[in-house]
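The values are calculated or read from the model by the stated rules, or taken from the named source; none is laboratory data. Owing to the predicted nature of the structure, the values given are computational and were not obtained by experimental measurement. With ideal geometry, Cβ positions are generated from the backbone for all residues, glycine too; neighbour counts draw on all protein chains shown.
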Amino acid sequence: MLRDITLGQYYQTESVIHRLDPRVKLAGTLLFIISLFFFRNFLGYMIAASFLFLVIRLSHVPFRFMVKGMRAVLFLLLLTVVFNLFLTPGEALVSVWKLTITKEGLRTAVTMAVRLAMLVVGSSVMTLTTTPNNLTDGMEKGLRPLKLFRVPVHEVAMMMSIALRFIPILMEETDKIMKAQIARGADFESGNLIRRAKALVPLMVPLFISAFRRANDLAMAMEARCYRGGDGRTKMKPLIYRSRDRIAYLCILVYLVAGIWLGRLELPVAG
Amino acid sequence: MSIILDHVNYIYGADTPLAVKALDDICLQIPDGQFIGIIGHTGSGKSTLVQHLNGLLKATSGSIYFNGEDIYDRDYDRKKLRGKVGLVFQYPEHQLFEIDVFTDVCFGPKNLGLDKKEVELRAYDALRKVGLPDELFYQSPFELSGGQKRRAAIAGVLAMKPEVLVLDEPTAGLDPRGREEILHQIKELQTGTGMTVILVSHSMEDVAEYVDRIIVMNKGRILYDNVPKEVFRHCAELEEVGLAPPQVTYILHELRRRGLDVDTDATTVEEAAEAVVKAMAKR
Amino acid sequence: MGIIRAKDVTFEYIRRDEEGNVEGITTAVDNVSLNVKQGDFIAILGHNGSGKSTLAKHINAILYPTEGTVWVDGMDTADEEKVWDIRRTAGMVFQNPDNQIIGQVVEEDVGFGPENMGVPAKEIWERVEESLKAVGMYEFRKHSPNKLSGGQKQRVSIAGVLAMHPKCIVLDEPTAMLDPRGRKEVIRAVRALNDVEGVTVVLITHYMEEIIYADKVFVMDKGRIAMEGTPKEIFSEVEDLQELRLDVPQVTLLAYELQKRGIMLPDGILTAEELAEALHLR
């Protein structure tokens, strides 16, 4: 039942993108997303799309995996398009029944759809080419400056990686408890909302108790192995920038400069 | 009145590349009132098998008949089946959730739609049958000891008055004393009520003393299905699939190998001692 | 002085009811003294609630004695400044294999302890490799722990402790949740640690067949040490063991039954081979 859900959608293969330092990928993704909101003409989107396409090709991840992420936001995408299409005031283009599509509406709808799609695909590239582990490592080190502002960066990263380890275990446990309660005649599937919520009690109580017990055990095990926070810890796999990472940063910079410069020109066609 | 499995196959993740054949052409007949042990190591398919008996898992192919009725029939009430074939999972105490033991045991019969009086009667009866003392009935289940928790959890299934009781590793994680007590209680329950009891275990010693019949599972198939004595004759084969026969059987085989003309059929220490004494007298 | 020494150790905790009122005091460990030599294999045997796990947690400075003192390699466990030195000297493996693995990849989990100790990256890799090899899990170093069997997970946990280069490892019922195959794997790994690496081992268990290889056995009951001696000495006392309702290995029981039936045999027979020899078979 629940066993099939896998967390993180890492796609195992060999590529330059896979080998990049996670900090590069995190920063790159963030900058790429921000850049999408700067464009004023279609040329900008063209540049962004070509850049994205190039990265996808380099990553060796089949394109259909990239689009998979789209399915989750399809509804949101359609909603945005529909709202923008019909609810933007302006010069009427087509009028059907009480609904009017305006020129401005069409324009914003298309822009929003393109932005959203590239945003999703762009972040998929990151999650598909970086193990969750690597990602937390990258965040821990990349966000280290925030420590100056008393943000517990190490603790947050540690929590994330523990969560990643225990989510599959708790999923399996949920499955087991569910089956056991079904064997005792529990019914999780019929009845109205209130009845269904009530039916969850026999599942949630044991699950929480188990999670607390595990947390307690784990805390003890970590202390027994000399864990005492991030200070004075070394890393088995320290993150070190290599030349490919510097080149990648350069590429991102070139893209940003080119995209934002060309993408903000007043082009007559875009009107 | 029995359970019949007819060429049952079960494949995990059937339409994925990771498909695993968990049950491979299982044919079984479980008549009323038998005490059966299903033995196999982790991953042998024994837990998968018992989850078919109450309809929790649906066979990929093959049929299962309970009391002559096909449980995969469209009109068959599988919810009712779960009351008839009570399944106690591994570490059942992890499913306790109510504020007190008694209320928790009431959960099963209440789900069967019985009236309050009948529910409480059954709960009371079940708690007595598992040997839990009265003064614990209204305690929080989380304050009980490990062995008591397990009894309470078993009572939770027993209160549904099943015709067949299936216990998946009822002794896992208990100490020797707890193990012995639980097994003893189950045996008593079985002889007292005459219900069919199926004990799933990876320990031959646990099972040898109590059951009438042993089913050995390996890689999703039934390897042996016979009375304990007959099954333990296959000492070497059992070891090959990672199952140790009871240590006495192994010792008797070892003594025989070293030239003592001893009867190797014994499954308990007492029987073994008698056999050795007899063999020594012959020399 | 031995690597682990306990003198008159008592551990009490206060039971409280739901409102937090004191209900009573439970004495989990009651006036226990013991001395473990460097390089020994020690087994502590007892039922659930006999106090054996509570005692074990004292060795790793997870718990402190209410009365008495525990020394690990000469350090008093009650000395707060020594806590981390004590924990790296006496490593600990727990019962539930799932709840003590932190890493999402086997090798990263084994590296967790050394990382906490501030060992340089290059040395961590060396330690991870040698530890995984010592427990026979090196080929699984890139695997996710979730895909391993119980016995394999427990061996990874042992490697995780071993990578901290402890002088002593305390294993708190490491086999209680495993099947027979997993149990064998773990015990084999533990014996190898003791024999090959020379690590002092304290094995806490309720399985009799696991203590056969110990140099010394302590049997605990109701917080006290009820019996103490070599496995042979312990197993000679079949009646005492049965009184404590511990599982005597069937071969020992069989020998005992044969003795009762008038066959002359030495006390405390532990293996089928021994029995055969005692019966003057080939």
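For the structure I just gave you, tell me whether C:A61 is at pLDDT below 95 and either assigned to a strand (DSSP E or B) or basic (K, R) (or both). So C:A61 does not fit the description; no. Among the residues making up region C:64-84, those that are part of a strand (DSSP E or B) and under 16 Å from C:P166 (Cα atoms) are C:W71, C:V72, C:M75.
The set of residues in region C:243-266 being surrounded by 14 or more Cβ atoms within 10 Å (Cβ to Cβ) and within 26 Å of the chain's Cα centre (by Cα) consists of C:L244, C:R245, C:L246, C:D247, C:V248, C:P249, C:Q250, C:V251, C:T252, C:L253. Just to verify a result, which residue in region B:236-247, among those that are under 14 Å from B:E205 (Cβ atoms) and part of a helix (DSSP H, G or I), is farthest from the other protein chains (Cβ to nearest Cβ)? Checked region B:236-247; the qualifying residue farthest from the other protein chains (Cβ to nearest Cβ) is B:L238. Does C:V156 qualify as being closer than 18 Å to C:A43 by Cβ, at pLDDT 95 or above and buried (at least 18 other Cβ atoms within 10 Å of the Cβ)? No; evaluated as a whole, the condition is false for this residue. For region B:217-234, the condition holds for at least one residue, the condition being that it is among the aliphatic types (A, V, I, L, M), assigned by TED's automatic domain parsing to the domain that holds B:Q185 and in contact with a helix residue (DSSP H, G or I) (Cβ under 6 Å, 6 or more places away or on another chain). For region A:13-71, filtering for residues that are closer than 17 Å to A:A117 by Cβ and polar (S, T, N, Q) leaves 3. Considering only region A:127-180, state which residues are within 14 Å of chain B (Cβ to nearest Cβ) and either hydroxyl-bearing (S, T, Y) or under 17 Å from A:A211 (Cβ atoms) (or both). Hits for region A:127-180 are A:I169, A:L170, A:E172, A:E173, A:T174, A:D175, A:K176, A:I177, A:M178, A:A180. Could we say that B:D115 is surrounded by 18 or more Cβ atoms within 10 Å (Cβ to Cβ), within 16 Å of B:M160 (Cβ to Cβ) and in the same structural domain as B:M195 (by TED's automatic domain parsing) here? No: the conditions fail for B:D115.
Pairing each residue of region A:133-152 that is closer than 20 Å to C:V105 by Cα with any residue that is of a type in the set (V, I, T), provided the two are 6+ apart or on different chains, yields C-beta distances under 6 Å for A:E140/A:V153. Report yes if some residue within region B:61-78 is among the aromatic types (F, W, Y), in contact with a strand residue (DSSP E or B) (Cβ under 8 Å, 6 or more places away or on another chain) and surrounded by 20 or more Cβ atoms within 10 Å (Cβ to Cβ); otherwise report no. Among the residues of region B:61-78, at least one is among the aromatic types (F, W, Y), in contact with a strand residue (DSSP E or B) (Cβ under 8 Å, 6 or more places away or on another chain) and surrounded by 20 or more Cβ atoms within 10 Å (Cβ to Cβ), which makes the answer yes. Put simply, of C:E274, C:E233 the only residue that is acidic (D, E) and surrounded by 16 or more Cβ atoms within 10 Å (Cβ to Cβ) is C:E274. Counting residues in region B:63-77 that are under 26 Å from C:D179 (Cβ atoms) and either facing another protein chain (nearest Cβ under 8 Å) or modelled with pLDDT of 90 or more (or both) gives zero. Taking the criterion of being at the interface with another protein chain (Cβ under 9 Å from one of its Cβ atoms) and not in a loop (DSSP other than H, G, I, E, B), the residues of region C:124-150 that qualify are C:I124, C:W125, C:V128, C:P145, C:N146, C:G150. Please find, among B:E120, B:E181, B:E143, B:E163, the residue that is in contact (Cβ under 8 Å) with a residue 60 or more places away in the chain and more than 9 Å from every other protein chain (Cβ to nearest Cβ). Of the residues listed, the single one that is in contact (Cβ under 8 Å) with a residue 60 or more places away in the chain and more than 9 Å from every other protein chain (Cβ to nearest Cβ) is B:E163. Take the residues in region C:195-214 that are touching an Asp or Glu at 6+ places or on another chain (Cβ under 8 Å) and more than 25 Å from C:E243 (Cβ to Cβ), then tell me which one is surrounded by the fewest Cβ atoms within 10 Å (Cβ to Cβ). That would be C:V201. Just to verify a result, which residue in region B:146-155, among those that are modelled with pLDDT of 90 or more and farther than 14 Å from B:I99 by Cα, is farthest from the other protein chains (Cβ to nearest Cβ)? Filtering first and then ranking leaves B:R151. I'd like the residue in region C:159-186 that is surrounded by 23 or more Cβ atoms within 10 Å (Cβ to Cβ) and assigned to a helix (DSSP H, G or I) and, out of all such residues, is farthest from the other protein chains (Cβ to nearest Cβ). Out of the qualifying residues, it is C:V186. Among the residues of region C:112-122, how many are of a type in the set (D, E, K, R) and within 9 Å of chain A (Cβ to nearest Cβ)? Matching residues across region C:112-122 total 1. Scanning region B:67-89 for residues that are of a type outside the set (D, E), within 26 Å of B:K21 (Cβ to Cβ) and out of contact with any Gly (no Cβ under 9 Å at 6 or more places or on another chain) yields B:L87, B:F89.
Here B:I186 clears all of (1) under 14 Å from the mean Cα position of the chain (by Cα); (2) of a type in the set (A, V, I, L, M); (3) in a loop (DSSP other than H, G, I, E, B) except the condition numbered (3). I'd like the full set of residues that are assigned to a helix (DSSP H, G or I) and of a type in the set (D, E, K, R), limited to region C:33-58. Answer for region C:33-58, where residues must be assigned to a helix (DSSP H, G or I) and of a type in the set (D, E, K, R): C:K52, C:K57.
Quick one: count up the residues across region C:238-262 that are in contact (Cβ under 8 Å) with a residue 12 or more places away in the chain and under 16 Å from B:L252 (Cα atoms). Count: 7. I'd like to verify a number: residues in region A:94-143 that are among the charged types (D, E, K, R) and surrounded by 15 or more Cβ atoms within 10 Å (Cβ to Cβ), how many? The total comes to 5.
Suppose the filter is under 22 Å from A:G263 (Cα atoms), of a type in the set (S, T, Y) and buried (at least 17 other Cβ atoms within 10 Å of the Cβ); does A:T88 pass it? In short, no.
All conditions but one from (1) of a type in the set (V, I, T); (2) over 30 Å from A:R23 (Cβ atoms); (3) without any contact (Cβ under 8 Å) to a residue 12 or more places away in the chain apply to A:I177; the one that does not is (3). For region A:199-256, what are the residues that are outside any loop (DSSP other than H, G, I, E, B), among the small types (G, A, S) and within 8 Å of chain C (Cβ to nearest Cβ)? Those that are outside any loop (DSSP other than H, G, I, E, B), among the small types (G, A, S) and within 8 Å of chain C (Cβ to nearest Cβ): A:A221, A:A224. The set of residues in region B:29-56 that are within 20 Å of B:R78 (Cα to Cα) and within 14 Å of chain C (Cβ to nearest Cβ) contains only B:S47.
Residues in region C:95-111 that are within 17 Å of A:L239 (Cβ to Cβ), part of a helix (DSSP H, G or I) and facing another protein chain (nearest Cβ under 7 Å): 2 in all. Using the structure shown, decide if A:A163 is free of Cβ contacts under 8 Å to residues at least 24 places away in the same chain, buried (at least 17 other Cβ atoms within 10 Å of the Cβ) and among the small types (G, A, S). Judged against the criteria, A:A163 is not a match.
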